[in-house]
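The values are calculated or read from the model by the stated rules, or taken from the named source; none is laboratory data. Values in this document were obtained by computation on a predicted structure and should not be read as measured data. Here the Cβ positions follow ideal geometry from the backbone for every residue, glycine too, while neighbour counts run over all protein chains shown.
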Amino acid sequence: MTSDLETQLQQLRQEAEAAITSSDTLGNLETLRVSYLGKKGQLSQILKGMGKLDASERPRIGGLANQVKEALQQGLEQKKSDLNQAAIAAQLAAETLDVTMPGTYVPQGHIHPLNSTIDKALDIFVGLGYTIAQGPEMETDYYNFEALNTPPDHPARDMQDTFYLPDGNLLRTHTSAVQIHYMEDHEPPIRIAAPGRCYRRDTEDATHAAVFHQIEILAVDKGLTFTDLKGTIKVFIEQMFGDVPIRFRASYFPFTEPSAEVDVQWKGRWLEVLGCGMVDPNVLKNVGYDPEVYTGFAAGFGVERFAMVLHQIDDIRRLYTSDLRFLRQF
């Protein structure tokens, strides 16, 4: 009986050590541990036969069983450590980056010519002490027309082809409406630049679009004159276009009096670039300013027109087609 148990223990050790050595996963290794050393494992099954041994033989067989158990436990721990190290090495190999390899090419983005023109213009006005002001693109008739000295029966409304909405509101035709909002909330002196998107029912062609961008400025203070307006416009034009000839032509706008249009001589010909004038006293009254105390001037221009001149763009529609061949030039 004793020799049978010894033989079984030796065979178990040999079999288990071989299985542990050939194991290639942690899951398989755990299965082997349970199979050989678990409560119902093969070692426990063999040791059940010790009850039939003589008392003098039990210590020797028990010691041999402990040797087998310790050998298997050490083999399992060593194999577990080896498998863990191999897994770490494999992960490092898979995640290793070759820093000498060229990176994936990602084309660099470009600032859209409209955005760059807006940024340049606003930087100039901020440098002159103006504050940036913005307002809603959907406006009421009052802010877009009436408050700007353009009542319902005013003939100047024929100059605006407006997008009216079912609720009676409209899409603003100019950023002048921002001036009314700002003046209602602030007391003079004020100096603001109002950039934004505008909408008119123009037939689209090389120089007209139904959606376009404007920047308007407004200054209100005591003692402002047309000379202040001309000086401001001159500094702005010089910063945008350089030292070019400028001329002011008399014009008409419902919300300014007197009014003027400004031309610059660009590449040998005169180009109209903006409209301006002194704020009409009625506009000042509409926002609660006393026209006997305060005067103001305003000016506005289309961003697309400036961008087309500065970048020699022949068709306004190119600004909205998202053609990469066009945009990469900027």
Can you tell me which residue among 248, 212 is at pLDDT 95 or above and farther than 25 Å from residue 187 by Cα?
248
With respect to residue 109, is the statement that it is at positive phi and exposed (fewer than 12 other Cβ atoms within 10 Å of the Cβ) true?
no
Checked segment 301-320 for anything more than 15 Å from residue 110 (Cβ to Cβ) and assigned to a loop (DSSP other than H, G, I, E, B); matches are 312, 314, 315
Which one is nearest to residue 170 (Cα to Cα), of the residues in segment 181-212 that are part of a loop (DSSP other than H, G, I, E, B) and of a type in the set (Asp, Glu)?
202
Step by step: first the residues of segment 231-284, then only those that are outside any strand (DSSP E or B) and among the acidic types (Asp, Glu), then the one that is farthest from the chain's Cα centre (by Cα). Which residue is that?
280
Within segment 199-218, which residues are closer than 16 Å to residue 275 by Cα and in contact with a Leu (Cβ under 8 Å, 6 or more places away or on another chain)?
213, 215
Considering only segment 115-130, how many residues are farther than 15 Å from residue 238 by Cα and in contact with a Pro (Cβ under 8 Å, 6 or more places away or on another chain)?
1
Inside segment 54-76, can you point out the residues that are surrounded by fewer than 11 Cβ atoms within 10 Å (Cβ to Cβ) and at pLDDT 80 or above?
70
If we keep just the residues of segment 282-317 that are within 16 Å of residue 210 (Cα to Cα) and crowded, with 18+ Cβ neighbours inside 10 Å, which is modelled with the lowest pLDDT?
316
Considering each residue of segment 124-136, count those that are under 14 Å from residue 178 (Cβ atoms) and loosely packed, with under 15 Cβ neighbours inside 10 Å, and give that number.
4
Right, residue 121: more than 30 Å from residue 309 (Cα to Cα) and either surrounded by 14 or more Cβ atoms within 10 Å (Cβ to Cβ) or of a type outside the set (Val, Ile, Thr) (or both) or not?
no
Output for segment 91-120, where each listed residue is under 30 Å from the mean Cα position of the chain (by Cα) and among the charged types (D, E, K, R):
119, 120
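For every residue, the table says whether it meets (1) in the same structural domain as residue 199 (by TED's automatic domain parsing); (2) closer than 18 Å to residue 198 by Cβ; (3) of a type outside the set (D, E, K, R); (4) at pLDDT below 95.
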{"site": "101", "(1), (2), (3), (4)": "no, no, yes, yes"}
{"site": "104", "(1), (2), (3), (4)": "no, no, yes, yes"}
{"site": "124", "(1), (2), (3), (4)": "yes, no, yes, no"}
{"site": "151", "(1), (2), (3), (4)": "yes, no, yes, yes"}
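A quick yes/no check of all residues on (1) at pLDDT 80 or above; (2) of a type in the set (Phe, Trp, Tyr); (3) crowded, with 17+ Cβ neighbours inside 10 Å; (4) out of contact with any helix residue (DSSP H, G or I) (no Cβ under 9 Å at 6 or more places or on another chain):
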site	(1), (2), (3), (4)
1	no, no, no, no
9	no, no, yes, no
27	yes, no, no, yes
87	yes, no, no, no
Select, from 150, 117, the only residue that is in contact (Cβ under 8 Å) with a residue 60 or more places away in the chain, β-branched (Val, Ile, Thr) and in a helix (DSSP H, G or I).
117
Return the residues of segment 240-275 that are in contact with a Ser or Thr (Cβ under 7 Å, 6 or more places away or on another chain) and surrounded by 15 or more Cβ atoms within 10 Å (Cβ to Cβ); say none if nothing qualifies.
251, 253, 254, 255, 259, 260, 261, 275
Suppose we keep only residues that are in contact with a Gly (Cβ under 8 Å, 6 or more places away or on another chain) and small (Gly, Ala, Ser) within segment 173-199. Which one would you say is nearest to residue 253 (Cα to Cα)?
176
